Amino acid sequence: MPKTTLHLPVIQNWSCHNCGGCCREHLIEVTAAEKARIEQQNWTADNGVPTDRPHIVRHSGDSWRLNHQDDGACVFLDERGLCRIHARFGEAAKPLACRVYPYAVHPVSGSLTVSLRFSCPSVVQNLGQPVSEQASLSKLSEEIVSGKQTLVSPPPVHGNETLDWSDLLQIVSVIDRSLTPDPKDNVQFVVRLMRVLSWLELVEQSHFETVRGERLTDYLDVLTRAARKAQPDNDLPVLRPSRMGRIIFRLMVAQLLRHDTAETLRSGLLTRFRLLATGLKYTMGMGRVPPLPEPASVVTAFRDGRNADEGRVSFRSAESPFEGRTTEIDELFTRYFQVKVQGMHFCGVANFDMSLVDGFRSLALMYPAALWVARMKAAAAGRERVTLPDVQVALATLDHNFAYSPALGTRSAIERIRILGRLQQVTRLVGWYSL
(Lines give C-alpha, C1' and ligand atoms only; values in the text may rest on other atoms or scores of the structure.)
Protein backbone atom coordinates (compact mmCIF):
# COMPACT_ATOMS: atom_id res chain seq x y z
CA MET A 1 0.00 0.00 0.00
CA PRO A 2 1.61 3.33 -1.04
CA LYS A 3 2.32 5.91 1.61
CA THR A 4 0.04 8.93 1.85
CA THR A 5 1.62 12.22 0.77
CA LEU A 6 2.25 14.49 3.76
CA HIS A 7 2.29 18.30 3.52
CA LEU A 8 4.16 20.02 6.37
CA PRO A 9 4.15 23.70 7.42
CA VAL A 10 7.39 25.32 6.27
CA ILE A 11 7.69 28.19 8.76
CA GLN A 12 7.12 26.50 12.12
CA ASN A 13 9.42 24.96 14.73
CA TRP A 14 8.42 22.69 17.58
CA SER A 15 9.94 20.35 20.15
CA CYS A 16 8.45 19.30 23.47
CA HIS A 17 9.85 21.26 26.45
CA ASN A 18 8.06 19.20 29.12
CA CYS A 19 5.82 21.94 30.52
CA GLY A 20 3.21 19.26 31.30
CA GLY A 21 0.37 21.57 30.33
CA CYS A 22 -1.19 19.19 27.80
CA CYS A 23 -1.21 16.48 30.50
CA ARG A 24 -3.22 18.79 32.76
CA GLU A 25 -5.56 20.47 30.29
CA HIS A 26 -6.84 17.72 28.00
CA LEU A 27 -9.12 14.75 28.41
CA ILE A 28 -7.28 11.89 26.71
CA GLU A 29 -9.56 9.35 25.10
CA VAL A 30 -8.08 5.88 24.52
CA THR A 31 -9.07 3.06 22.21
CA ALA A 32 -9.97 -0.40 23.44
CA ALA A 33 -6.53 -1.63 22.34
CA GLU A 34 -4.78 1.20 24.21
CA LYS A 35 -6.87 0.51 27.30
CA ALA A 36 -5.89 -3.15 27.25
CA ARG A 37 -2.22 -2.32 26.69
CA ILE A 38 -2.08 0.13 29.62
CA GLU A 39 -3.87 -2.31 31.90
CA GLN A 40 -1.28 -4.97 31.00
CA GLN A 41 1.56 -2.62 32.00
CA ASN A 42 0.88 -3.55 35.65
CA TRP A 43 1.01 -0.14 37.32
CA THR A 44 1.41 -0.18 41.11
CA ALA A 45 2.16 2.25 43.93
CA ASP A 46 5.84 1.35 43.53
CA ASN A 47 5.70 3.02 40.11
CA GLY A 48 4.41 6.25 41.69
CA VAL A 49 0.95 6.01 40.11
CA PRO A 50 -2.08 6.68 42.36
CA THR A 51 -3.77 3.44 43.39
CA ASP A 52 -6.82 4.98 45.07
CA ARG A 53 -8.60 5.33 41.73
CA PRO A 54 -8.85 3.51 38.40
CA HIS A 55 -6.27 4.59 35.82
CA ILE A 56 -8.82 4.50 33.00
CA VAL A 57 -12.45 5.57 33.35
CA ARG A 58 -15.47 5.59 31.06
CA HIS A 59 -15.78 8.85 29.14
CA SER A 60 -19.13 8.57 27.35
CA GLY A 61 -20.96 5.69 25.78
CA ASP A 62 -18.41 3.05 24.80
CA SER A 63 -15.38 5.38 24.96
CA TRP A 64 -12.73 5.54 27.67
CA ARG A 65 -10.24 8.14 28.88
CA LEU A 66 -7.23 8.40 31.17
CA ASN A 67 -8.13 9.35 34.72
CA HIS A 68 -6.77 12.40 36.57
CA GLN A 69 -5.14 13.19 39.88
CA ASP A 70 -6.78 15.51 42.41
CA ASP A 71 -5.02 18.56 40.94
CA GLY A 72 -6.27 17.77 37.43
CA ALA A 73 -3.04 16.19 36.16
CA CYS A 74 -3.11 12.89 34.29
CA VAL A 75 -2.65 9.90 36.63
CA PHE A 76 0.56 9.06 34.76
CA LEU A 77 2.14 12.54 35.10
CA ASP A 78 5.01 12.64 37.60
CA GLU A 79 6.15 15.51 39.81
CA ARG A 80 8.65 16.65 37.17
CA GLY A 81 5.93 17.03 34.54
CA LEU A 82 7.00 13.87 32.67
CA CYS A 83 4.93 10.89 31.53
CA ARG A 84 5.51 7.69 33.50
CA ILE A 85 4.36 5.52 30.57
CA HIS A 86 6.94 7.20 28.33
CA ALA A 87 9.70 6.87 30.92
CA ARG A 88 9.05 3.18 31.60
CA PHE A 89 8.03 1.79 28.21
CA GLY A 90 9.02 4.40 25.62
CA GLU A 91 7.08 6.95 23.61
CA ALA A 92 5.37 4.34 21.41
CA ALA A 93 3.58 2.91 24.48
CA LYS A 94 1.63 6.12 25.10
CA PRO A 95 -1.90 6.61 23.71
CA LEU A 96 -1.93 7.98 20.18
CA ALA A 97 -3.69 11.17 21.32
CA CYS A 98 -0.73 11.96 23.60
CA ARG A 99 1.82 11.34 20.85
CA VAL A 100 -0.04 13.43 18.29
CA TYR A 101 -0.39 16.67 20.29
CA PRO A 102 0.27 19.47 19.32
CA TYR A 103 0.03 18.27 15.72
CA ALA A 104 -3.27 18.29 13.86
CA VAL A 105 -3.46 16.07 10.78
CA HIS A 106 -6.19 16.58 8.17
CA PRO A 107 -7.10 14.67 4.98
CA VAL A 108 -7.00 16.76 1.82
CA SER A 109 -7.53 15.38 -1.68
CA GLY A 110 -6.14 11.94 -0.85
CA SER A 111 -3.13 13.39 0.97
CA LEU A 112 -2.58 14.73 4.49
CA THR A 113 -1.78 18.20 5.75
CA VAL A 114 -0.19 18.94 9.12
CA SER A 115 -1.07 21.93 11.28
CA LEU A 116 -0.21 22.69 14.90
CA ARG A 117 -2.12 23.82 17.97
CA PHE A 118 -0.75 27.07 19.34
CA SER A 119 -2.13 26.18 22.76
CA CYS A 120 1.28 24.57 23.25
CA PRO A 121 3.69 27.29 24.52
CA SER A 122 6.58 25.81 22.55
CA VAL A 123 4.55 26.19 19.35
CA VAL A 124 3.47 29.75 20.06
CA GLN A 125 7.10 30.68 20.85
CA ASN A 126 8.41 28.77 17.79
CA LEU A 127 10.85 26.75 19.89
CA GLY A 128 12.58 23.58 18.74
CA GLN A 129 13.27 21.68 15.54
CA PRO A 130 11.77 22.78 12.19
CA VAL A 131 8.60 20.77 11.64
CA SER A 132 9.52 20.30 7.98
CA GLU A 133 12.56 18.26 9.09
CA GLN A 134 10.75 15.90 11.48
CA ALA A 135 10.86 12.55 9.72
CA SER A 136 8.88 10.80 12.49
CA LEU A 137 5.77 12.73 11.47
CA SER A 138 5.27 10.53 8.42
CA LYS A 139 5.01 7.36 10.50
CA LEU A 140 2.82 9.07 13.08
CA SER A 141 0.46 10.40 10.41
CA GLU A 142 0.13 6.95 8.85
CA GLU A 143 -0.85 5.60 12.26
CA ILE A 144 -3.45 8.36 12.67
CA VAL A 145 -5.20 7.54 9.40
CA SER A 146 -4.73 3.77 9.55
CA GLY A 147 -7.90 2.18 8.20
CA LYS A 148 -9.63 5.53 7.84
CA GLN A 149 -10.95 7.30 4.78
CA THR A 150 -8.54 9.99 3.55
CA LEU A 151 -10.32 10.82 0.30
CA VAL A 152 -12.80 13.33 1.70
CA SER A 153 -14.95 15.77 -0.25
CA PRO A 154 -13.73 19.38 -0.41
CA PRO A 155 -15.65 21.87 1.71
CA PRO A 156 -17.91 24.32 -0.15
CA VAL A 157 -16.43 27.68 -1.08
CA HIS A 158 -19.54 29.34 0.35
CA GLY A 159 -23.14 28.22 0.79
CA ASN A 160 -23.73 25.39 -1.68
CA GLU A 161 -21.09 26.62 -4.11
CA THR A 162 -18.45 23.91 -4.61
CA LEU A 163 -15.21 23.35 -6.49
CA ASP A 164 -13.07 20.27 -6.89
CA TRP A 165 -9.98 19.95 -4.72
CA SER A 166 -7.53 21.33 -7.28
CA ASP A 167 -9.52 24.56 -7.70
CA LEU A 168 -10.33 24.92 -4.01
CA LEU A 169 -6.64 24.56 -3.17
CA GLN A 170 -5.95 27.32 -5.70
CA ILE A 171 -7.93 29.69 -3.47
CA VAL A 172 -6.19 28.38 -0.35
CA SER A 173 -2.80 28.91 -2.00
CA VAL A 174 -3.70 32.50 -2.89
CA ILE A 175 -4.79 33.14 0.71
CA ASP A 176 -1.45 31.76 1.89
CA ARG A 177 0.55 33.93 -0.54
CA SER A 178 -1.52 36.98 0.35
CA LEU A 179 -0.58 36.55 4.02
CA THR A 180 3.13 36.11 3.25
CA PRO A 181 5.27 39.23 3.89
CA ASP A 182 6.46 40.84 0.66
CA PRO A 183 9.54 43.12 0.91
CA LYS A 184 8.32 45.01 -2.18
CA ASP A 185 4.94 45.65 -0.55
CA ASN A 186 6.12 46.22 3.04
CA VAL A 187 2.72 46.36 4.74
CA GLN A 188 1.85 45.13 8.22
CA PHE A 189 0.06 41.85 8.87
CA VAL A 190 -3.27 43.52 9.64
CA VAL A 191 -3.29 45.07 6.15
CA ARG A 192 -2.57 41.72 4.50
CA LEU A 193 -5.37 40.12 6.53
CA MET A 194 -7.87 42.86 5.66
CA ARG A 195 -7.01 42.52 1.98
CA VAL A 196 -7.81 38.80 2.07
CA LEU A 197 -11.10 39.49 3.83
CA SER A 198 -12.00 42.10 1.21
CA TRP A 199 -11.46 39.86 -1.81
CA LEU A 200 -13.14 36.91 -0.08
CA GLU A 201 -16.26 39.07 0.17
CA LEU A 202 -16.28 39.10 -3.64
CA VAL A 203 -15.61 35.34 -3.77
CA GLU A 204 -18.68 34.90 -1.55
CA GLN A 205 -20.78 36.71 -4.15
CA SER A 206 -19.44 34.60 -7.02
CA HIS A 207 -20.65 31.47 -8.81
CA PHE A 208 -18.08 29.08 -10.22
CA GLU A 209 -19.91 26.97 -12.82
CA THR A 210 -17.55 28.17 -15.55
CA VAL A 211 -14.85 29.82 -13.44
CA ARG A 212 -12.41 26.97 -12.96
CA GLY A 213 -8.83 26.08 -13.79
CA GLU A 214 -7.04 28.91 -15.61
CA ARG A 215 -10.14 31.12 -15.49
CA LEU A 216 -10.15 30.81 -11.71
CA THR A 217 -6.44 31.67 -11.63
CA ASP A 218 -7.08 34.82 -13.66
CA TYR A 219 -10.12 35.72 -11.53
CA LEU A 220 -8.19 35.42 -8.28
CA ASP A 221 -5.37 37.50 -9.74
CA VAL A 222 -7.85 40.30 -10.57
CA LEU A 223 -9.32 40.16 -7.06
CA THR A 224 -5.99 40.27 -5.23
CA ARG A 225 -4.67 43.09 -7.42
CA ALA A 226 -7.80 45.12 -6.71
CA ALA A 227 -7.48 44.47 -2.95
CA ARG A 228 -3.86 45.68 -2.96
CA LYS A 229 -4.83 48.77 -4.94
CA ALA A 230 -7.70 49.55 -2.55
CA GLN A 231 -5.41 49.24 0.51
CA PRO A 232 -1.91 50.09 -0.74
CA ASP A 233 -0.23 50.97 2.58
CA ASN A 234 -0.48 50.86 6.37
CA ASP A 235 -2.89 53.81 6.61
CA LEU A 236 -5.92 51.78 7.72
CA PRO A 237 -9.51 52.98 7.41
CA VAL A 238 -10.31 52.00 11.00
CA LEU A 239 -14.07 51.94 11.64
CA ARG A 240 -15.70 51.20 14.99
CA PRO A 241 -17.63 47.91 14.95
CA SER A 242 -21.37 48.16 15.52
CA ARG A 243 -22.91 47.41 18.90
CA MET A 244 -24.24 44.10 17.55
CA GLY A 245 -20.83 43.29 16.11
CA ARG A 246 -19.13 43.88 19.46
CA ILE A 247 -21.71 41.78 21.34
CA ILE A 248 -21.24 38.79 19.00
CA PHE A 249 -17.47 39.25 19.15
CA ARG A 250 -17.35 39.27 22.97
CA LEU A 251 -19.53 36.16 23.10
CA MET A 252 -17.08 34.42 20.77
CA VAL A 253 -14.14 35.54 22.95
CA ALA A 254 -15.90 34.13 26.03
CA GLN A 255 -16.35 30.77 24.28
CA LEU A 256 -12.70 30.75 23.19
CA LEU A 257 -11.56 31.57 26.73
CA ARG A 258 -13.61 28.86 28.40
CA HIS A 259 -11.15 26.30 29.65
CA ASP A 260 -12.83 23.05 30.69
CA THR A 261 -10.62 20.43 32.34
CA ALA A 262 -11.16 17.24 34.34
CA GLU A 263 -11.65 19.48 37.38
CA THR A 264 -14.49 21.29 35.56
CA LEU A 265 -16.26 17.98 34.98
CA ARG A 266 -16.03 17.14 38.68
CA SER A 267 -16.99 20.57 39.98
CA GLY A 268 -20.76 20.29 39.55
CA LEU A 269 -23.56 22.80 39.03
CA LEU A 270 -21.98 25.71 40.92
CA THR A 271 -19.09 25.94 38.47
CA ARG A 272 -21.45 25.60 35.53
CA PHE A 273 -23.60 28.47 36.81
CA ARG A 274 -20.45 30.54 37.27
CA LEU A 275 -19.43 29.84 33.67
CA LEU A 276 -22.91 30.86 32.50
CA ALA A 277 -22.68 34.10 34.51
CA THR A 278 -19.28 34.82 32.97
CA GLY A 279 -20.74 34.34 29.49
CA LEU A 280 -23.54 36.77 30.26
CA LYS A 281 -21.05 39.38 31.50
CA TYR A 282 -19.12 39.12 28.24
CA THR A 283 -22.33 39.45 26.26
CA MET A 284 -23.39 42.59 28.15
CA GLY A 285 -19.85 44.06 28.14
CA MET A 286 -20.46 46.10 31.28
CA GLY A 287 -18.45 46.41 34.49
CA ARG A 288 -15.23 44.56 35.14
CA VAL A 289 -13.91 41.72 33.01
CA PRO A 290 -14.12 38.38 34.88
CA PRO A 291 -10.73 36.82 35.71
CA LEU A 292 -9.07 35.51 32.57
CA PRO A 293 -8.04 31.84 32.70
CA GLU A 294 -4.36 30.97 32.96
CA PRO A 295 -3.81 27.45 31.54
CA ALA A 296 -1.18 25.39 33.36
CA SER A 297 1.10 25.36 30.32
CA VAL A 298 0.97 29.17 30.07
CA VAL A 299 1.73 29.61 33.75
CA THR A 300 4.71 27.26 33.42
CA ALA A 301 6.09 28.77 30.21
CA PHE A 302 5.60 32.47 31.02
CA ARG A 303 6.91 32.89 34.56
CA ASP A 304 6.81 36.67 34.73
CA GLY A 305 4.51 37.34 37.67
CA ARG A 306 1.27 37.26 35.68
CA ASN A 307 -1.83 36.88 37.80
CA ALA A 308 -5.25 37.03 36.18
CA ASP A 309 -6.89 38.02 39.47
CA GLU A 310 -4.80 41.15 40.00
CA GLY A 311 -5.57 44.52 38.47
CA ARG A 312 -8.89 43.50 36.94
CA VAL A 313 -10.01 45.98 34.34
CA SER A 314 -13.29 47.08 32.80
CA PHE A 315 -14.72 46.09 29.43
CA ARG A 316 -14.44 49.74 28.51
CA SER A 317 -10.64 49.44 28.71
CA ALA A 318 -10.66 47.16 25.67
CA GLU A 319 -12.08 49.95 23.52
CA SER A 320 -9.19 52.36 24.14
CA PRO A 321 -6.32 52.44 21.63
CA PHE A 322 -3.23 50.43 22.63
CA GLU A 323 0.27 50.66 21.22
CA GLY A 324 2.23 47.58 20.28
CA ARG A 325 1.75 46.66 16.63
CA THR A 326 5.36 45.46 16.38
CA THR A 327 7.39 43.42 13.91
CA GLU A 328 7.63 40.55 16.43
CA ILE A 329 3.86 40.44 16.96
CA ASP A 330 3.30 40.59 13.20
CA GLU A 331 5.68 37.64 12.79
CA LEU A 332 3.72 35.63 15.35
CA PHE A 333 0.38 36.24 13.62
CA THR A 334 1.86 35.57 10.18
CA ARG A 335 3.17 32.23 11.39
CA TYR A 336 -0.09 31.36 13.16
CA PHE A 337 -2.27 32.10 10.15
CA GLN A 338 -0.01 30.44 7.60
CA VAL A 339 0.31 27.26 9.66
CA LYS A 340 -3.49 27.09 9.94
CA VAL A 341 -4.02 27.86 6.23
CA GLN A 342 -1.28 25.53 4.93
CA GLY A 343 -2.60 22.79 7.23
CA MET A 344 -6.24 23.34 6.12
CA HIS A 345 -6.98 23.82 9.82
CA PHE A 346 -9.71 26.42 9.30
CA CYS A 347 -12.51 24.88 7.24
CA GLY A 348 -14.07 21.59 6.22
CA VAL A 349 -13.63 18.55 8.46
CA ALA A 350 -10.95 20.38 10.47
CA ASN A 351 -13.35 23.14 11.59
CA PHE A 352 -16.89 21.84 12.03
CA ASP A 353 -17.46 21.43 8.26
CA MET A 354 -17.44 25.19 7.68
CA SER A 355 -17.18 26.52 4.15
CA LEU A 356 -13.90 28.06 3.06
CA VAL A 357 -15.25 31.62 3.46
CA ASP A 358 -16.92 31.03 6.84
CA GLY A 359 -13.92 29.08 8.09
CA PHE A 360 -11.45 31.79 7.14
CA ARG A 361 -13.61 34.41 8.83
CA SER A 362 -13.59 32.33 12.00
CA LEU A 363 -9.80 32.18 11.73
CA ALA A 364 -9.54 35.91 10.97
CA LEU A 365 -11.46 36.67 14.17
CA MET A 366 -8.67 35.02 16.15
CA TYR A 367 -6.59 38.14 15.39
CA PRO A 368 -8.85 40.68 17.19
CA ALA A 369 -9.71 38.07 19.85
CA ALA A 370 -6.06 37.53 20.74
CA LEU A 371 -5.39 41.28 20.76
CA TRP A 372 -8.50 41.88 22.92
CA VAL A 373 -7.21 39.43 25.51
CA ALA A 374 -3.68 40.86 25.20
CA ARG A 375 -5.11 44.33 25.89
CA MET A 376 -6.69 43.00 29.08
CA LYS A 377 -3.33 41.53 30.11
CA ALA A 378 -1.57 44.83 29.46
CA ALA A 379 -4.25 46.93 31.17
CA ALA A 380 -4.21 44.62 34.23
CA ALA A 381 -0.49 45.34 34.51
CA GLY A 382 -1.06 49.10 34.19
CA ARG A 383 0.38 49.31 30.68
CA GLU A 384 -0.93 50.99 27.53
CA ARG A 385 1.37 48.98 25.27
CA VAL A 386 0.76 45.36 24.29
CA THR A 387 3.89 43.23 24.37
CA LEU A 388 4.83 40.04 22.52
CA PRO A 389 4.39 37.88 25.67
CA ASP A 390 0.88 39.38 26.13
CA VAL A 391 -0.07 38.17 22.66
CA GLN A 392 1.68 34.81 23.05
CA VAL A 393 -0.23 34.13 26.27
CA ALA A 394 -3.51 35.24 24.68
CA LEU A 395 -3.04 33.11 21.56
CA ALA A 396 -1.97 30.04 23.56
CA THR A 397 -5.07 30.42 25.74
CA LEU A 398 -7.55 30.96 22.89
CA ASP A 399 -6.20 28.38 20.45
CA HIS A 400 -6.96 25.65 22.99
CA ASN A 401 -10.57 25.90 21.76
CA PHE A 402 -10.30 27.08 18.14
CA ALA A 403 -11.80 24.39 15.88
CA TYR A 404 -12.14 22.06 18.91
CA SER A 405 -14.67 23.43 21.40
CA PRO A 406 -18.14 21.97 20.65
CA ALA A 407 -19.61 25.38 21.58
CA LEU A 408 -17.90 26.89 18.52
CA GLY A 409 -19.29 24.19 16.24
CA THR A 410 -22.96 24.67 17.07
CA ARG A 411 -25.32 25.95 14.40
CA SER A 412 -25.84 29.19 16.34
CA ALA A 413 -22.09 29.84 16.69
CA ILE A 414 -21.47 29.31 12.97
CA GLU A 415 -24.48 31.49 12.13
CA ARG A 416 -22.96 34.29 14.25
CA ILE A 417 -19.83 34.14 12.06
CA ARG A 418 -22.06 34.50 9.00
CA ILE A 419 -23.93 37.43 10.55
CA LEU A 420 -20.65 39.23 11.21
CA GLY A 421 -19.74 38.62 7.56
CA ARG A 422 -23.07 39.88 6.20
CA LEU A 423 -22.84 43.00 8.39
CA GLN A 424 -19.22 43.52 7.26
CA GLN A 425 -18.11 43.50 10.88
CA VAL A 426 -15.18 41.07 10.60
CA THR A 427 -12.94 43.60 8.85
CA ARG A 428 -14.04 46.31 11.29
CA LEU A 429 -13.19 44.11 14.29
CA VAL A 430 -9.80 43.26 12.80
CA GLY A 431 -8.97 46.92 12.23
CA TRP A 432 -10.43 48.26 15.47
CA TYR A 433 -8.56 45.93 17.82
CA SER A 434 -5.30 46.11 15.88
CA LEU A 435 -4.50 49.49 17.46
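The values are calculated or read from the model by the stated rules, or taken from the named source; none is laboratory data. The model shown is predicted, which means the values in this text are computed figures rather than measured ones. Methodologically, a virtual Cβ is constructed for each residue, glycine included, from the backbone with ideal geometry; neighbour enumeration extends over all protein chains shown.
Summary of computed values
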read-out: Among the residues listed as Leu77, Leu96, Leu151, the single one being within 30 Å of Arg212 (Cβ to Cβ) and either out of contact with any Phe, Trp or Tyr (no Cβ under 8 Å at 6 or more places or on another chain) or surrounded by fewer than 16 Cβ atoms within 10 Å (Cβ to Cβ) (or both); value: Leu151
read-out: Subset of the range 381-418 [more than 15 Å from Arg258 (Cβ to Cβ) and loosely packed, with under 15 Cβ neighbours inside 10 Å]; value: Gly382, Glu384, Arg385, Arg411, Ser412, Glu415
read-out: Residues that are among the small types (Gly, Ala, Ser) and free of Cβ contacts under 8 Å to residues at least 40 places away in the same chain, drawn from the range 352-373; value: Ala370
read-out: Which listed residue is in a loop (DSSP other than H, G, I, E, B) and modelled with pLDDT of 85 or more, from Met376, Met344; value: Met344
read-out: The range 253-270: number of residues that are modelled with pLDDT of 90 or more and either touching a strand residue (DSSP E or B) at 6+ places or on another chain (Cβ under 9 Å) or under 20 Å from Val190 (Cα atoms) (or both); value: 1
read-out: Leu356 under 18 Å from Val203 (Cβ atoms) and touching a Pro at 6+ places or on another chain (Cβ under 7 Å); value: yes
read-out: Some residue of the range 3-23 being surrounded by fewer than 17 Cβ atoms within 10 Å (Cβ to Cβ) and over 24 Å from Glu133 (Cβ atoms); value: no
read-out: Any helices (runs of 4 or more DSSP H) falling wholly within the range 48-158 and containing at least 2 residues that are touching a Ser or Thr at 6+ places or on another chain (Cβ under 9 Å), free of Cβ contacts under 8 Å to residues at least 24 places away in the same chain and among the hydroxyl-bearing types (Ser, Thr, Tyr); value: none
read-out: Candidates Arg212, Arg228, Arg246, filtered to the one that is over 18 Å from Val157 (Cβ atoms), of a type in the set (D, E, K, R) and either outside any helix (DSSP H, G or I) or in contact with a Leu (Cβ under 9 Å, 6 or more places away or on another chain) (or both); value: Arg246
read-out: Among residues of the range 382-435, those that are free of Cβ contacts under 8 Å to residues at least 12 places away in the same chain and under 26 Å from Val191 (Cβ atoms), counted; value: 2
read-out: Residue selected from the range 385-399 under the condition part of a helix (DSSP H, G or I) and of a type outside the set (A, V, I, L, M), by the criterion nearest to the chain's Cα centre (by Cα); value: Thr397
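Table: residues versus (1) under 30 Å from Glu39 (Cβ atoms); (2) assigned by TED's automatic domain parsing to the domain that holds Thr224; (3) over 23 Å from the mean Cα position of the chain (by Cα).
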| site | (1), (2), (3) |
| --- | --- |
| Ala97 | yes, no, no |
| Asn126 | no, no, no |
| Pro130 | no, no, no |
| Asp167 | no, yes, yes |
| Ile175 | no, yes, no |
| Gln188 | no, yes, no |
